[in-house]
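Participant: Okay, here's the structure, questions in a sec.
FYI, it's all coordinate maths here, none of it is from the lab. Bear in mind the structure is a predicted one, so any value in this text is a computation, not a measurement.
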Amino acid sequence: MSNATVMRVLRAELGIGLDGVKAVLEQVLSGQYSGTLPEMELLARKLRASGIDAVVQPPRTPSAIACTPRFTETEGRTTGFGE
């Protein structure tokens, strides 16, 4: 899967333009993008529906209310929220 597929899903789900989606994609790829657990689970579900393996990794600290998604490239395919 290419970053273009991820960007398409991000644009559709977050309602952002092309310039904004590039910044969000960078945050996602670097593990800096976060949201509430329901938001991240919904986004992961939409990514999976588009053929991208995505899993939400909850925060490590019990007091945190957000999770941080992270995509990693393996064999030319974008996979995973989390580590």
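Participant: Once the piece of chain linking residue 16 and residue 55 is laid out straight, how much longer is it, given 0.36 nm per residue of separation minus the C-alpha distance between them? Please list the in-between numbers first.
Facilitator: Working: separation 39, 0.36 × 39 = 14.04 nm, distance 2.23 nm.
The residue 16-residue 55 span can extend by a further 11.8 nm.
Participant: Shifting gears a bit: Report the extension gain between residue 23 and residue 5 in nm, rounded to one decimal, defined as 0.36 nm multiplied by the number of residues separating them, less their alpha carbon distance.
Facilitator: 5.0 nm
Participant: List every residue whose amide H lies under 5 Å from the amide H of residue 53, counting only residues 5 or more places away in sequence or on a different chain, with H placed 1.01 Å from N in the peptide plane.
Facilitator: Excluding prolines and chain starts, which carry no amide H, the hits are 80.
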